[in-house]
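Just so you know, all these numbers are worked out from the coordinates, no wet-lab data involved. None of these values were measured; they are calculated from a predicted model. Here Cβ is always computed from backbone atoms with ideal geometry, including for glycine, and neighbour counts include all displayed protein chains.
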Amino acid sequence: MRKVSAFCDYFVISSGSSLRQVNAIAQGIQEALDSQGIKPLSKVLPNDESGWVVLDFVSAVAHVFYKPMREFYSLERLWHDAKRVRVSTP
C-alpha cells in the first residue's frame, strides 16, 4: 500500500459468511496481536452488525467484511494499483 497510499503499508482484507463470523474473525485478529503487545487504534465492538469491521494497527489495516459487503465495496478494485500479497492459511 505504501506506493499508493501514505497511511499504511498493508491492507489485510478478509470476509466471513455471517455477521457473527465477521465479529469472531475481527476479535481473533485483535486477540492474537494483543498477545504480542500490538494494540489497534480502536477496539472491535461486541456484536457489531455493520458488516465491516476495521482494525487499524498503523502500518497494517485489517478489514473484515460480511461477504456481500466485501463484494459491494470491492476494496481490491478500489486499490488495484497496490501490489497484492497472498497469504496462505496454515
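So here's what we get for this one:
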quantity: Relative contact order computed over the chain (Cα-Cα under 8 Å; 6+ residues apart), in percent; calculated: 35 percent
quantity: The chain: most fluctuating residue of Ala60, Ala32, Ala24 per GNM, C-alpha cutoff 10 Å; calculated: Ala32
quantity: Residue order, fewest to most surrounding Cβ atoms within 10 angstrom, among Ser74, Ser15, Ser35; calculated: Ser35, Ser74, Ser15
quantity: Neighbour-count order for Ser42, Ser88, fewest beta carbons within 10 angstrom listed first; calculated: Ser88, Ser42
quantity: Farthest positive-ward along the chain dipole, Cα basis, beta-carbon charges - from Val58, Tyr10, Gly28; calculated: Tyr10
quantity: Neighbour-count order for Arg77, Arg20, fewest beta carbons within 10 angstrom listed first; calculated: Arg77, Arg20
